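J.: Pasting in a structure now, in structure tokens, and then I'll have a few things to ask.
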Amino acid sequence: MSKEFAVIGLGRFGGSICRELSNEGMDVLAIDKNEDRVNEFKNIASHAVIADSTDEETLKELGIKNIEHVIVAIGDNIQASILTTVILTDLHIKKITVKANNDYHEKILNRIGANQVVHPERDMGKRIAHSIISNNILDY
Ligand code: ATP
């Protein structure tokens with residue numbers, strides 16, 4: 001049985017997560033407040049809806065409570081990212097992954113109950129630096 005996911009925020013990061021999960025046959029509910037972004041995912045995700053995730057009632061109406069894993073990929077709007085995460089923790093979502101923009105954002109997200117906080121630019125920079133070092137070791 002395919003696992004159920006929701007991706008909130010369909011920018012470059014959230015969009016890429018949504019595409020990959022869908023390609024792997026997962027059931028994905030794609031959410032964004034921007035209509036154009038949502039239209040891009042109509043034929044990719046199982047469901048794509050225009051909604052503001054800072055509105056608790058809207059999230060409830062979308063049946064977010066029944067989703068096992070929610071990924072919050074709201075980029076620049078830290079306030080919206082934090083408020084969305086608080087709502088999701090209040091609704092007792094099993095697993096919440098959130099994209100952090102900076103160290104303060106990351107600290108707050110950990111405090112308010114996000115299960116996994118990712119910092120894609122920093123994490124990818126670290127991985128690439130390590131792969132550069134290990135490739136150089138093999139080269140010499
Ligand atoms: P990335 O850093 O991954 O490239 P981005 O730069 O596109 O993403 P943003 O545009 O700040 O990042 O946010 C990602 C998406 O989140 C946008 O498509 C935006 O419409 C959506 N978004 C922001 N706030 C909300 C909200 N409250 N509810 C739903 N979607 C939201």
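The values are calculated or read from the model by the stated rules, or taken from the named source; none is laboratory data. Keep in mind that what you see is a predicted model, and the values were worked out from it rather than measured. Counting neighbours? That spans all protein chains shown, and the Cβs are built from the backbone with ideal geometry, glycine included.
J.: Against the condition in contact with a Cys (Cβ under 8 Å, 6 or more places away or on another chain) and assigned to a strand (DSSP E or B), how does Ala30 come out, does it pass? Don't jump to the end; show me each part of the working.
T.: Numbers: in contact with a Cys (Cβ under 8 Å, 6 or more places away or on another chain): yes; assigned to a strand (DSSP E or B): yes.
The answer is yes for Ala30.
J.: Something else: Could you tell me which residue of the range 60-84 is farthest from the ligand (Cβ to nearest atom), considering only residues that are within 23 Å of Glu20 (Cβ to Cβ) and of a type in the set (A, V, I, L, M, F, W, C)?
T.: Here is the first cut: in the range 60-84, the ones within 23 Å of Glu20 (Cβ to Cβ) are 62-64, 66-76, 81, 84.
With the extra rule that they be of a type in the set (A, V, I, L, M, F, W, C), the set shrinks to 62, 64, 67, 70-74.
Values: Leu62: 11, Ile64: 12, Ile67: 15, Val70: 12, Ile71: 11, Val72: 9, Ala73: 6, Ile74: 4 Å.
Checked the range 60-84; the qualifying residue farthest from the ligand (Cβ to nearest atom) is Ile67.
J.: Looking only at strands (runs of 3 or more DSSP E) that lie completely in the range 33-140, which have at least 1 residues being among the basic types (Lys, Arg)? Talk me through it step by step, then tell me what you get.
T.: On the way: elements: 47-50, 69-72, 95-99, 116-118.
Filter on the range 33-140 gives 95-99.
J.: Could you check the range 1-52 and list, in sequence order, the residues that are among the charged types (D, E, K, R) and more than 21 Å from Glu121 (Cβ to Cβ)? Let's see the steps before the verdict.
T.: To start, the set of residues in the range 1-52 that are among the charged types (D, E, K, R) comprises 3-4, 12, 19-20, 24, 27, 32-33, 35-37, 40, 42, 52.
If the condition is that a residue be among the charged types (D, E, K, R) and more than 21 Å from Glu121 (Cβ to Cβ), then Lys3, Glu4, Glu24, Asp27, Lys33, Glu35, Asp36, Glu40, Lys42, Asp52 are the ones that fit.
J.: Oh, and also: Test Glu57 against the criterion of being loosely packed, with under 12 Cβ neighbours inside 10 Å and either aliphatic (A, V, I, L, M) or within 12 Å of the ligand (Cβ to nearest atom) (or both), and give yes or no.
T.: The answer is no for Glu57.
J.: Determine which member of the set Asn39, Asn66, Asn77, Asn43 is surrounded by fewer than 17 Cβ atoms within 10 Å (Cβ to Cβ) and under 14 Å from the mean Cα position of the chain (by Cα).
T.: Details: Asn39 fails: under 14 Å from the mean Cα position of the chain (by Cα); Asn66 fails: under 14 Å from the mean Cα position of the chain (by Cα); Asn43 fails: under 14 Å from the mean Cα position of the chain (by Cα).
Unique residue meeting the criteria: Asn77.
J.: Does Asn23 fit the bill of being modelled with pLDDT of 95 or more and in contact with a strand residue (DSSP E or B) (Cβ under 9 Å, 6 or more places away or on another chain)? Break it down into steps so the answer makes sense when it comes.
T.: Values: modelled with pLDDT of 95 or more: yes; in contact with a strand residue (DSSP E or B) (Cβ under 9 Å, 6 or more places away or on another chain): no.
Taking the combined requirement at face value, the residue does not satisfy it.
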